[in-house]
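For reference, the structure discussed in these notes is given below.
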């Protein structure tokens, strides 16, 4: 069986141009201006219910599964102790 060929490791780190800039050298990456966020109107509860109708059903299902698991744990604790 032949030996595994070893790859020679590169001494140069694989970094992007922005990561290669060092602050102590004085080279600065151009900073893009950040646009001001637009003020949003707060969503009402009715809007959220219309947008996410599946969330209530999912929460109800998770609660039912949690209740069954707790009941099962209590039943096993009573049975095994």
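Below are the figures for this structure:
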{"quantity": "Test: residue in the stretch 32-46 that is modelled with pLDDT of 80 or more, under 27 Å from the mean Cα position of the chain (by Cα) and part of a helix (DSSP H, G or I)", "calculated": "no"}
{"quantity": "Neighbours by Cβ (under 9 Å, 6+ apart or cross-chain): first from the stretch 29-46, closer than 25 Å to residue 18 by Cα; second surrounded by 10 or more Cβ atoms within 10 Å (Cβ to Cβ) and modelled with pLDDT under 80", "calculated": "29/21"}
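Results for (1) assigned to a helix (DSSP H, G or I); (2) at pLDDT 75 or above; (3) surrounded by 10 or more Cβ atoms within 10 Å (Cβ to Cβ), shown as yes or no for each residue.
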{"residue": "3", "(1), (2), (3)": "no, yes, no"}
{"residue": "10", "(1), (2), (3)": "no, no, no"}
{"residue": "28", "(1), (2), (3)": "no, no, no"}
{"residue": "57", "(1), (2), (3)": "yes, yes, no"}
{"residue": "79", "(1), (2), (3)": "yes, yes, no"}
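The values are calculated or read from the model by the stated rules, or taken from the named source; none is laboratory data. Here the structure is a predicted model, which means the values were calculated and not measured. In this analysis, Cβ positions are derived from the backbone assuming ideal geometry, glycine residues included, and neighbour counts consider all displayed protein chains.
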